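Q: Okay, handing you the structure first.
The values are calculated or read from the model by the stated rules, or taken from the named source; none is laboratory data. Model, not experiment: these values are computed from the prediction. Virtual Cβ from ideal backbone geometry, glycine too; neighbours counted across all protein chains shown.
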Amino acid sequence: MPELPEVETIARGLHARVRGKRIAKVHIAWQRTVDARSLPLSELVGKQITGVGRIGKYVAIQLSGGFTLAVHLRMTGQLLVGSLERRYDSSGTGDRKHERARITFADASVLAFFDARKFGRMRLLHGDVVAQLGVGRDPLDPQLTADDLKEMLAGRRTPTKVWLLDQHRLSGIGNIYASEALFYAGIRPRRAAGKLTAIERSALLKSLRRVLRRAIRFGGSSLNDYVDSEGKQGGFQKQFAVYGRLGLPCLQCRGPVRRIVLAQRSTFYCSTCQR
Ligand SMILES: [Zn+2]
């Protein structure tokens, strides 16, 4: 599932390619792609895209009139820009039979939502989008401090790794980047979130930002279906320190990377470097 760096990469690509376009037509091929709480997507017709950003793991397509189309890609969702005449890219993605929704612009170009497994959702909102989506603080928000983290973590008995995955607290972090950030912070995934020291909380925030920013520079991590708005894969999967590296030597101490399961998710760490 795309996490913050992948969604950020997609949003930046879309911003460059669809900003300023006016929506002429909306076609929904599979109705459940539209979230039950969404305003009717027919509202989109005539609106202009003013920009594309990211809210947690949502791609946030901002529209004239104060509307936002929030798209959650879940497992296999892809947002691709193209024209109806040709395929969206050359990498084999953009298979027409997986097209769930299509926005046609006044200039005849299209933005299509492809989703093989159908877990992805689109939701049109108006007003305070962050509150309506129930998304927590963004780890890359410069206003977020280690003191904020202290307040958020106080009394939490949940393993830190599991806490990081809760989108209502910090948003955008998933299985990959939680493992990676905890490695760089030197914190074992199972440690109770509320028991971290002040130094560890600072290290965690710093590591999260470092890992997320680096991953954005690499265009995200492509393990399954993730591609950017041009259908290109990311490159950060080759930079993982612990994720998916069971039994391989730790980059710092050369000891074997270990794997445990927390909240049904594979979790990778080094028992020497993380305490
Ligand atoms: Zn190590």
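Q: Looking at (1) on the phi < 0 side of the Ramachandran plot; (2) surrounded by fewer than 19 Cβ atoms within 10 Å (Cβ to Cβ), which is the one condition that is false for G244?
A: Result: G244 passes all but (1).
Q: Determine the pairs where a residue that is hydroxyl-bearing (S, T, Y), located within region 5-18, has a partner that is buried (at least 21 other Cβ atoms within 10 Å of the Cβ) and outside any helix (DSSP H, G or I) with Cβ atoms under 9 Å apart, the partner being 6 or more residues away or on another chain.
A: Final answer for the pair search is T9/P2; T9/G219; T9/G220; T9/Y226; T9/D228; T9/S229; T9/G234.
Q: Taking into account only those residues within region 159-172 that are surrounded by 19 or more Cβ atoms within 10 Å (Cβ to Cβ) and polar (S, T, N, Q), which is farthest from E6 (Cα to Cα)?
A: Per the criteria, the residue is T160.
Q: Take R275 and tell me if it is within 16 Å of the ligand (Cβ to nearest atom) and in a loop (DSSP other than H, G, I, E, B). Break it down stepwise before answering.
A: Numbers: within 16 Å of the ligand (Cβ to nearest atom): yes; in a loop (DSSP other than H, G, I, E, B): yes.
When the stated conditions are applied, R275 passes them.
Q: Then there's this: Taking R259 as the residue in question, decide whether it is touching a residue at least 12 places away in the same chain (Cβ under 8 Å), farther than 30 Å from A11 by Cβ and either under 24 Å from the mean Cα position of the chain (by Cα) or surrounded by fewer than 19 Cβ atoms within 10 Å (Cβ to Cβ) (or both).
A: yes
Q: Which condition number in (1) assigned to a loop (DSSP other than H, G, I, E, B); (2) modelled with pLDDT of 95 or more is the one that R86 fails?
A: (2)
Q: Inspect region 234-243 for any residue being among the aromatic types (F, W, Y), more than 16 Å from the ligand (Cβ to nearest atom) and assigned to a loop (DSSP other than H, G, I, E, B) and give the result as yes or no.
A: Within region 234-243 (the criterion being among the aromatic types (F, W, Y), more than 16 Å from the ligand (Cβ to nearest atom) and assigned to a loop (DSSP other than H, G, I, E, B)), the answer is no, since none of the residues qualifies.
Q: Based on what the data block shows, is V211 near the ligand (Cβ under 10 Å from one of its atoms), on the phi < 0 side of the Ramachandran plot and in the same structural domain as V162 (by TED's automatic domain parsing)?
A: No: the conditions fail for V211.
Q: Next question. Looking at A24, A16, which one is in a strand (DSSP E or B), surrounded by fewer than 22 Cβ atoms within 10 Å (Cβ to Cβ) and modelled with pLDDT of 95 or more?
A: Working: A16 fails: in a strand (DSSP E or B).
Going through A24, A16 in turn, the sole match is A24.
Q: Any chance region 249-270 includes a residue that's farther than 30 Å from Q78 by Cβ and either more than 16 Å from the ligand (Cβ to nearest atom) or aromatic (F, W, Y) (or both)?
A: yes
Q: Got at least one residue in region 183-192 being assigned to a helix (DSSP H, G or I), touching a Ser or Thr at 6+ places or on another chain (Cβ under 6 Å) and closer than 17 Å to K57 by Cβ?
A: Checked against the condition, which is being assigned to a helix (DSSP H, G or I), touching a Ser or Thr at 6+ places or on another chain (Cβ under 6 Å) and closer than 17 Å to K57 by Cβ, region 183-192 yields no hits at all.
Q: Select from region 30-64 the residues that are surrounded by 15 or more Cβ atoms within 10 Å (Cβ to Cβ) and either among the polar types (S, T, N, Q) or at pLDDT below 95 (or both) and list them in ascending order.
A: Scanning region 30-64 gives T33, S38, Q48, T50, Q62.
Q: So which pairs qualify, if the first residue must be in region 99-125 and within 18 Å of I55 (Cβ to Cβ) and assigned by TED's automatic domain parsing to the domain that holds L41, the second must be part of a loop (DSSP other than H, G, I, E, B) and aliphatic (A, V, I, L, M), the Cβ gap must be under 7 Å, and the two must be at least 6 apart or on different chains?
A: G120/L73; L124/L39; L125/L39
Q: Out of G186, G235, G219, G194, I need the residue that is buried (at least 19 other Cβ atoms within 10 Å of the Cβ) and either over 22 Å from Y269 (Cα atoms) or not assigned by TED's automatic domain parsing to the domain that holds H27 (or both). Which one?
A: From the options G186, G235, G219, G194, the qualifying one is G219.
Q: Of everything in region 148-163 that's closer than 16 Å to F268 by Cα and in a helix (DSSP H, G or I), which residue is farthest from the chain's Cα centre (by Cα)?
A: T160
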